[in-house]
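Nothing in this text is a laboratory measurement; each read-out follows from the coordinates by a stated rule. The model shown is predicted, which means the values in this text are computed figures rather than measured ones. For neighbour counting, all protein chains shown are included, and Cβ atoms are generated from backbone atoms with ideal geometry for every residue, glycine included.
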Amino acid sequence: MKLKKGLSVLLAAVLLLSMGLLAGCGEKDDKDQGDAKPKLVMATNATFPPYEFVDDNGEFAGIDVEIAGLIADELGMELEIKNVDFGVILGGVQSEKYDIGMAGMTVTDERKEQVNFSSTYAKAKQVVIVKADSTYASYEDFYTGYTTVDGEEVPAGVKDGIKIGVQQDTTGDIYSSDEPKNWGFGEDNVVRYKTGALAVEDLKQGRVTAVIIDNEPAKEFVKQNEGLKILDGAYADEEYAIAVNKNDTELLQKINDALKKLTDNGEIQKVVDKFIK
Ligand code: GLN
């Protein structure tokens, strides 16, 4: 159909005007949010110094918090932190409630079935905290003895009365709760706490024999509490990474690019040096 020139000009004008109005609506929304950048929503559990904690001013602080801030800057996004139980972080990333999970989160094969992990940004280990006067020299002393299974020497059983305190849903919990033949201490000998600090409190009270937790938080807890020590050696070696929803491969790529840049230019090391002396 051929329109008369005047009519088509009019139509074009109407079209432009409505586009202008629509754009106007968009602007209004933007104004409501100020000059807001897109948000990068990070789920964490801020009870895990020096990686994430609430500082004396009530602000989120720590290595993960600062690295996440640097990544958000690289991505032109604004970091928003949600402080939740450690155990709900991965489910929340999976259901797209959160964009990323960053919480001194150890990469494991089981977790990789739930989420994608970024490149790793820290090496870590599980260590054993006991009372300073404890006679145990290693977690190996918690076992009754050793036996050979499939050609490998593994623990035969756990000594009576051994109780291991852990933060619920962490690798310390998962590994400790396994059977002795897999170097665990058996479900029944593990006491789960909401935070590492609560586990340490019960260790001080003598309600558990030891607390198994990540090395750097362990150092903080021993510093903050008298009468505790960390046993030599690692119960497990681990690496931390950022959890991202499996469908969000574009975000994963951007985070990995940012991590590489921030590693190469020394920014990540600067953050680590600020919190780990
Ligand atoms: N690294 C441990 C894990 O991933 C503990 C992390 C934490 O307690 N925030 O399970």
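Does the chain come out rounded, prolate or oblate by the C-alpha gyration tensor, with a ≥ b ≥ c the root eigenvalues, rounded set by a/c under 1.5 and, if not, prolate when a/b is larger than b/c and oblate if not?
Since a/c reaches 1.5 and a/b is larger than b/c, the shape of the chain is classed as prolate.
Among the GluC sites (Glu not before Pro) in region 115-181, which ones are in a DSSP loop with at most 15 other Cβ atoms within 10 Å of the Cβ? Mind listing them? Display every interim value, and only then the final one.
Numbers: sites: Glu140, Glu152, Glu153; in loops: none.
Passing both the DSSP loop test and the Cβ count: no residue.
For region 124-277, just the Cα set please: Rg and Dmax, both in angstrom.
18.2, 52
Looking at the chain, do any whole DSSP H helices span at least 18 angstrom along their long axis by alpha carbon and average 0.0 or above on Kyte-Doolittle, and which? Present the calculation step by step, with values, prior to reporting the outcome.
On the way: long enough: 5-32 (40 Å, 0.70); 249-264 (22 Å, -0.57).
Those that clear 18 Å and a mean of 0.0 are 5-32.
Relative to the compact globular guide of 2.2 N^0.38 Å, what is the alpha carbon radius of gyration of region 79-127, as a ratio? Don't skip to the end; give the middle numbers.
Working: Rg = 11.2 Å, N = 49, 2.2 N^0.38 = 9.7 Å.
Cα Rg divided by the expected 2.2 N^0.38 Å: 1.16.
Could you rank the peptides 157-170, 182-195 by their average count of other C-beta atoms within 10 Å per residue, with the highest value first?
Details: 157-170: 19.1, 182-195: 17.3.
Those peptides, ordered most packed to least, come out 157-170, 182-195.
Counting only DSSP beta bridges with both residues in the chain, tell me the antiparallel percent, nearest 5. Mind showing how you got there, number by number?
Values: 27 of 41 bridges.
Once the DSSP bridges in the chain are tallied, antiparallel ones form about 65 percent.
If we sort 206-215, 103-112 on the protection proxy, mean other Cβ atoms within 10 Å, highest first, what's the order?
On the way: 206-215: 22.4, 103-112: 18.5.
Descending packing order for the listed peptides: 206-215, 103-112.
Pairs to check: Lys181/Lys277; Lys112/Lys194; Lys223/Lys246; Lys82/Lys254. Give those whose C-alpha atoms are more than 32 Å from each other in this structure.
Details: Lys181/Lys277 37 Å; Lys112/Lys194 23 Å; Lys223/Lys246 38 Å; Lys82/Lys254 21 Å.
Going by Cα-Cα distance, Lys181/Lys277; Lys223/Lys246 fall outside the 32 Å limit.
Take the eigenvalues of the Cα gyration tensor for region 182-256, scale each by 5, and report the square roots as semi-axes in whole Å, largest first.
Working: eigenvalues 195, 50, 33 Å².
The answer is 31, 16, 13 Å, longest axis first.
Of the beta bridges DSSP finds with both residues in region 123-214, what % are antiparallel, to the nearest 5? Please list the in-between numbers first.
Details: 10 of 16 bridges.
Bridges in region 123-214 that DSSP calls antiparallel: roughly 60 percent.
Collect residues whose amide H, placed 1.01 Å from N in the peptide plane, falls under 5 Å from the amide H of Ile242; neighbours closer than 5 in sequence don't count.
Under 5 Å from the amide H of Ile242: Ser118.
Dipole size in debye (nearest 20) for the chain around its Cα centre, Lys and Arg Cβ +1, Asp and Glu Cβ -1? Spell out each step's value before the answer.
On the way: 31 positive and 50 negative charges, 238 e Å.
For the chain, the charge dipole is close to 1140 debye.
Using the Cα centre of region 187-254 as the reference point, and only Cβ charges (+1 on K/R, -1 on D/E), how large is the resulting charge dipole? Debye, rounded to the nearest 20. Could the numbers behind the result be given before it?
Values: 9 positive and 14 negative charges, 54 e Å.
That gives region 187-254 a dipole magnitude of about 260 debye.
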